[in-house]
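Q: Take this structure first; my questions come after.
The values are calculated or read from the model by the stated rules, or taken from the named source; none is laboratory data. Quantities reported herein were computed from a predicted structural model and do not represent experimental measurements. In this analysis, Cβ positions are derived from the backbone assuming ideal geometry, glycine residues included, and neighbour counts consider all displayed protein chains. To get the accessible areas, we keep the full protein, side chains included, count just its heavy atoms, and leave off ligands, DNA and RNA. Shrake-Rupley method; radii C 1.70, N 1.55, O 1.52, S 1.80 Å.
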Amino acid sequence: MLRGLSAALALGLALCGCSGSDPSGLPNLSAAGAATSADAASAGSAFPDAPGEASAGGTAFNPFDAMPDSSRGGRQVIADPTVADVMETGSLSEMTLGSPLAPVTIVQYASLTCPHCRVFHRETFPEFKRAYIDTGKVRFIMREFPIGKQSGNATIALRCAPPDKYFELYGKFMEQQAAWVSQEVRLDPIYAVAKQVGMTRPQFDSCLKNQAMIDGLKWVKDRGRTLGIIGTPNFFVQGKLVKKTLAMSDIREMVDPLLSSPRAASVAP
C-alpha cells in the first residue's frame with residue numbers, strides 16, 4: 001500500500017515538473033525575500049493552473065500536445081513564429097554552447113524539475129554534444145521554463161552561477177533531481193546542489209532576492225509561452241517548434257538535411 005502511494009506521488013511530481021501549468025514558476029521576492037515552505041503552503045499547490053492551460057474535460061495535460069488555443073482566454077500565441085521571433089532576447093544573455101557561426105541552431109526550453117528533461121540530458125545530450133555541438137555543426141541555446149516554485153528558485157540559483165559554470169550546474173540539478181525536487185519550497189536542498197560549483201550561502205541567499213534576475217527569467221518564460229511553449233522539454237530546431245523529448249535519431253533526421261544544404265555549407269566554420 002505504502003509502495004503504491006509512493007509511486008503515485010513520484011508520478012505526480014514527474015508530471016508537474018514537465019507540464020506548463022503554473023503562472024510563472026518564479027517567486028516574486030521584491031518585498032518578502034526568499035520564499036519558504038510556509039509561503040508555499042499558504043498559497044496552495046506549488047503547481048497552480050494558469051488561465052487557458054488547465055486540463056480540459058478531464059483530459060490529462062500533455063506537454064507535448066498541439067499548440068494551445070489562445071481564444072479560450074489564455075496567453076496570445078504567435079501561430080507561425082519566424083526565426084527572428086524565436087531569436088528575440090530580453091535582458092538576460094543567452095546561455096549557449098557551440099560556435100556562433102554554426103549553420104544550425106537548436107533551442108531547448110527546460111524546467112529543472114522535469115524528468116523528461118533529465119532523460120534528454122542523460123540519454124541524448126552527451127552524444128549530441130560530441131557529434132554536433134563540439135564539431136561546429138550546431139549552436140545550442142538553453143532557455144529556462146521553470147514549472148513550480150521549487151523549480152523557480154533553483155532556476156534563479158542556476159542563473160546566478162558564473163556563466164562558465166552554468167551548464168555544469170544545470171547537469172548537477174538534472175542528475176540530482178531526486179535529492180531536491182519537492183512540491184513544497186525547500187531552499188536548503190537547492191543550495192546543496194548550487195554549492196557544488198562554488199556558490200556560497202550568502203551568494204545564494206542574495207541571488208534569490210535579485211528582482212532584476214527574476215524579472216529577466218519571467219521574460220524568458222513569458223516569451224516562450226508566446227512562441228507556443230507549453231511544457232518541457234520543447235525545442236526549436238532552426239526555428240521549427242518540436243514538442244517531444246528528442247532522441248539522437250530525431251536530431252539526425254532533422255539536422256543532417258539542414259547541414260547538407262548549400263546555405264549550411266557556406267556558413268560552416
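Q: Quick check, is Lys129 surrounded by fewer than 18 Cβ atoms within 10 Å (Cβ to Cβ), at pLDDT 95 or above and farther than 26 Å from Met213 by Cβ?
A: Working: surrounded by fewer than 18 Cβ atoms within 10 Å (Cβ to Cβ): yes; at pLDDT 95 or above: yes; farther than 26 Å from Met213 by Cβ: yes.
Taking the combined requirement at face value, the residue satisfies it.
Q: Next up: Go through (1) in contact with a strand residue (DSSP E or B) (Cβ under 7 Å, 6 or more places away or on another chain); (2) over 16 Å from Val220 (Cα atoms) and name the single condition His116 misses.
A: It is condition (1) that His116 fails.
Q: When you scan the stretch 95-102, do you find a residue that is open to solvent by 60 Å² or more (accessible area, probe 1.4 Å), farther than 20 Å from Val242 by Cα and not in a helix (DSSP H, G or I), even just one?
A: yes
Q: Considering only residues that are open to solvent by 70 Å² or more (accessible area, probe 1.4 Å) and either at pLDDT below 95 or touching a strand residue (DSSP E or B) at 6+ places or on another chain (Cβ under 9 Å) (or both), which ones fall in the stretch 249-269?
A: Listed by number, the residues that qualify are Ser260, Pro262, Arg263, Ala265, Ser266, Pro269.
Q: May I ask you to verify whether Ile106 is more than 20 Å from Leu258 (Cβ to Cβ) and either out of contact with any Cys (no Cβ under 6 Å at 6 or more places or on another chain) or in a helix (DSSP H, G or I) (or both)?
A: no
Q: Then there is this: Just one of the numbered conditions (1) in a helix (DSSP H, G or I); (2) in contact (Cβ under 8 Å) with a residue 60 or more places away in the chain is not true of Thr113; which one?
A: (1)
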